[in-house]
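Following: one structure in structure tokens, then a few remarks.
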Amino acid sequence: MEAIQQFLIPFLDLNLLFLVAAGTFGGIILGAIPGLSVTLCIALILSLTYSWELLDALALMLGVYFGGVFGGSRASILINMPGGPSNVATSFDGYPLAQKGEARMALTLSTIYSFVGGIIGVIVLATLAPLVASVAINFGQRDYLLLALLGLLLVGSLSKGATAKGIFAAGAGILVGLVGMDTIGGGARFTFGSLELMSGVNFIVALLGLFGMSEILFQLRTLNQKGVASFLKKTVFPPLRFILKFLPISLRVSIIGVFVGALPGAGGEIAALLGYDHAKQTVKKPNRKFGEGAYEGVIAPEAANSAAIGGALIPLLTLGIPGDAVTAIFIGALFIHGLQPGPLLMEQSGDLFWVMVGSSVLANVFLLIFGLLVVSIFIKIVTVPKQVLLPIIAVITVIGSYSINNSITDVYWMLGFGIIGFIMKINKFPVAPLVLGIILGPLIDTSFRRAYMGSDGFGDFLFGFVNTPITLILTIVFIFTMLGQTNIFTTIKGKLKKG
Amino acid sequence: MKIKSSKTTALLFILIISLLSACGSNSSADNTGNNYPEKDIDGIIMWGEGGATDIIGRTLAPIVEKEIGSSLVMQNRAGAAGAIATQYVYDQAADGYTLLFGAENPNLYQVLDISERSYQEDFVPVSVIANSFAGIIVKEDSPYQTLEDLVNHAAENPNDLIFGTTGEGGLPNVVLAMLHNEFGTEFRTVPYDGEGPVTTALLGGEIDATTVTISAAQDYVESGDFRMLAVINDEEIEALPDVPAITDIYPEIDKYLPWGPFQAVFAHKDTPEDVLAKLTESFEVAIDTSDFRTTLENLGMEYLNISGQEAIDYIEQNRSTSAWMLYEAGETDISPEEFGIPQPE
């Protein structure tokens, strides 16, 4: 009973209600601006709310968190520039949809399924938090390695036919991801003695350059009076039956999203990539091919990254361990307000848990309302003439890359990536695998080496892959996913069907 | 096609030129008189958002602002274990308008070949705000009940146990060196990205033991998930009265103490004396306020608030222990002597 009362606090307290609403709305707008990351917004809020009541501060932060991750998809769909790392996968099919005049449909569907994913994440948080946390905490280095390798297999589908070029780009991405101080050996890699290179290449900077600046340069070649899409399909709000069609796939990717979000070493960006991959593998008859404007290609990553938020809150509230960069700031907020985020948090301040669950549900409701209301405003972006739109985006990419670490070097990196991305695009190299490499490369590197350093020789290292249930399952999934894309497997499958 | 690509080039040039002009116009170093501060002061935090250094800097800033009568604008410039921020503050004018909020890490930049900067040669401490202690922890189901158990096992069975570290020069790295030099222990080490990840690894049973700041472990010790075998100090600490001090078990460690993580604020070495005096005074009052002392308590840090020669000596002692420990354990090839770092007595 007490739990229900605490759960309802944010719904009944007008102050909290307003803060969640304001946070969600602000989050959607700020998240939609490429480069203004959710992490940055929440860090700023933290410093503004030092003197506030704890619950007020958390309500605002949760609103911005849900709103911001969702808002990033607006930019992915409308201008092919992910608003944040979690929204990279959304651009794969979202932008093709916008180009085909279906921006309204893409925005609407992704809003609805962000809501669905977000709610599922919160339900798992409210009901299964201790269980999920105990699995997540036992996720070893080999498991991260396998997860990252699974993500890397996406290169095949992101290459759009040019597989060799895709693999080359992914390899280059992995190399870029390794630049900087090696967190394991301590040595400097590819830094040429420069201190600025020691901190490595921030992948948001790469994102802004490869997706943002390069897209601007690319579009300049065909500069004309028109916007991204020359026409907008007159879509009315999709009928309920059409919307419900995607419910099964959204449920599956949401479960993936919650779990990946709960892992201390992986966040929304990997959840969205794996969600996209899962949709691609399991949806037999998409409306169009994936990569050319499949509805599922927009729904899956958005449901997964929203669900990942609920997931990220699980280790935070049960163990005091952050599930991603944003929840690390939540820990700071709890500290500042005199709480000890740790295994005793639930015991000592159990009310906090339910108020946060309540605020999260509320944030998702506002996300659905605001998300659908502002579709008509966002949609105008695709019809803005390019000579107006592109300079604005150019300025935003510069500000965005500078704001990450207040570093002018990051701006140079962004411009460099812009030029590289431009050259890649005119030579028909896909840029998405390059980003994939930058995101996954460091994870593969560190998890592989930690797994190896923790084992007693090569035999022990290999044995570890079949040693524990979680790892065994992931190993099998990985092997089947890989073999499933080879010719031999298809032949065997064909023969089996005949026989 | 040609015309179009020249458009592209033109745009690029405009972009780059406007960027260059933007970064040329900063840091016009005026000589500061007695009227300091006449403008906003920049506070550069060497670690990212949400960490101990960040929380301390950001809670302290508004209190200092009231004292000094000017705004303190805090920015995070994380990267390369704080070396990016350290270099940045060093490159700014020595006028007291750019302060460095940092932890103990730069004390090892030279011997680990991370950066040329050091607190001793390039900066002057405004205040050492607070310090903390390191504790050696194992999981509750670990067979090692005391530090002796762990040390004896690791000395007799080299490379049998896995010790989680936070990379070169981190707390566990120095503690391992200490144990290795004194008792000949040999651990397999697996480095993680910081205290959070290494704590997680211990919870998940990936490693056998590690060392973290006591504030990071305290809650897990109370909940019974971890057992703390010793605290690296010469007496028990208030927060964890049941945990023995390492000198109670091994008195020979005493010569390395006091040693542990600290949080401090620095100004450029050549900052005018009156400016430094004003800063030191304002920080001293601000750190002493009850609001801020509560923040320190919540973070599990000990109030220190020292400045001047006392602060310089404190930082030097930390550097001397860490640098020589690592060198004697063979963790670094560069002798601390090359940088004139005295051996701990």
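Laboratory data are not the source of any read-out in this text; all were calculated from the coordinates shown. All values reported here derive from a predicted model rather than from experimental measurement. Neighbour counts are summed over all protein chains in view; Cβ atoms, including those assigned to glycine, are modelled from backbone coordinates with ideal geometry.
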**Request:** With a cut-off of 13 Å, note down the residues of the range B:146-166 whose backbone N falls inside the zone around a label point 7 Å from the Cα of B:Glu252 toward its beta carbon.
**Result:** B:152
**Request:** Provide the percentage of antiparallel DSSP beta bridges, counting only those with both residues in the protein assembly as shown; round to the nearest 5.
**Result:** 60
**Prompt:** For the residues A:Ser86, B:Ser307, what sequence is obtained by ranking on other C-beta atoms within 10 Å, fewest first?
**Reply:** B:Ser307, A:Ser86
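Between A:Leu14 and B:Glu238, what is the FRET efficiency for a Förster distance of 35 Å, r being their Cβ-Cβ separation, to the nearest 0.05?
Numbers: r = 43 Å, r/R0 = 1.22.
My answer for the efficiency is 0.25.
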**Prompt:** When A:Arg142, A:Arg189, B:Arg77 are ordered from fewest to most other Cβ atoms inside 10 Å of their Cβ, what list results?
**Reply:** A:Arg189, B:Arg77, A:Arg142
**Prompt:** Any idea how far the Cα center of the range B:242-298 sits from the one of the range A:2-49, in Å?
**Reply:** 35
**Estimated inter-spin distance, B:Asp160 and A:Ala164, nm [label 7 Å along Cα→Cβ]** = 5.5
**Prompt:** Relative to the longest principal axis of chain B, what angle (0 to 90°, nearest 10) does the C-alpha long axis of helix B:2-24 take?
**Reply:** 80
**Request:** Would you mind computing, in nm to one decimal, how far apart the modelled labels at B:Asp291 and A:Thr490 are, each placed 7 Å from Cα along Cα→Cβ?
**Result:** 6.7
**Prompt:** Among B:Leu179, B:Pro191, B:Val243, whose Cα lies farthest out toward the positive end of the dipole of the range B:134-256, if unit charges sit on the beta carbon of Lys, Arg (+1) and Asp, Glu (-1)?
**Reply:** B:Pro191
**Complete:** Dividing the mean separation of Cα pairs under 8 Å (6+ apart) by the residue count of the range B:134-256 yields a relative contact order in percent of 33
**Request:** Kindly state, to the nearest 0.05, the FRET efficiency for A:Ile392 paired with A:Trp52, given R0 = 30 Å and r defined as their beta-carbon distance.
**Result:** 0.35
**Request:** In whole angstrom, note down how far apart the Cα centers of the range B:120-158 and the range B:185-238 are.
**Result:** 8
**Message:** With +1 assigned to the C-beta of every Lys and Arg and -1 to the C-beta of every Asp and Glu, and no other charges, what is the dipole magnitude of chain A about the Cα centre in debye, to the nearest 20?
**Reply:** 2680
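Summarise the long-distance tail of P(r) for the range B:32-144 by giving the % of C-alpha pairs beyond 18 Å.
Considering the range B:32-144, 56 percent of its Cα-Cα pairs are separated by more than 18 Å.
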**Asked** Taking the Cα-to-Cβ direction at A:Thr127 and at A:Phe242 and moving 7 Å from each Cα, how far apart do the two end points lie in nm?
**Response** 3.1
**Request:** Set the Förster distance to 60 Å, then compute FRET efficiency between A:Arg288 and B:Ser70 from the Cβ-Cβ distance, nearest 0.05.
**Result:** 0.50
**Message:** If the reach is capped at under 18 angstrom between alpha carbons, list the aspartates and glutamates near A:Lys493, excluding any in the same chain fewer than eight residues apart.
**Reply:** none
**Request:** Please give the contour-minus-distance gain from A:Phe192 to A:Ala3: 0.36 nm per residue of separation, less the Cα-Cα distance, rounded to one decimal in nm.
**Result:** 62.3 nm
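In debye to the nearest 20, how big a dipole does the range A:245-379 give about its Cα centre with +1 on each Lys and Arg Cβ and -1 on each Asp and Glu Cβ?
So the dipole magnitude of the range A:245-379 works out to roughly 660 debye.
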**Fill in**
log10 I(q)/I(0) for chain B, Debye formula on C-alpha points only (no solvent), q = 0.06, 0.12, 0.14 Å⁻¹, two decimals, reads -0.25, -0.87, -1.11
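By count of other Cβ within 10 Å, fewest leading, how are B:Tyr97, B:Tyr303, A:Tyr295 ordered? Each step should come with its number before you reach the end.
Details: B:Tyr97 23, B:Tyr303 13, A:Tyr295 26.
If I rank by nearby Cβ atoms, fewest first, I get B:Tyr303, B:Tyr97, A:Tyr295.
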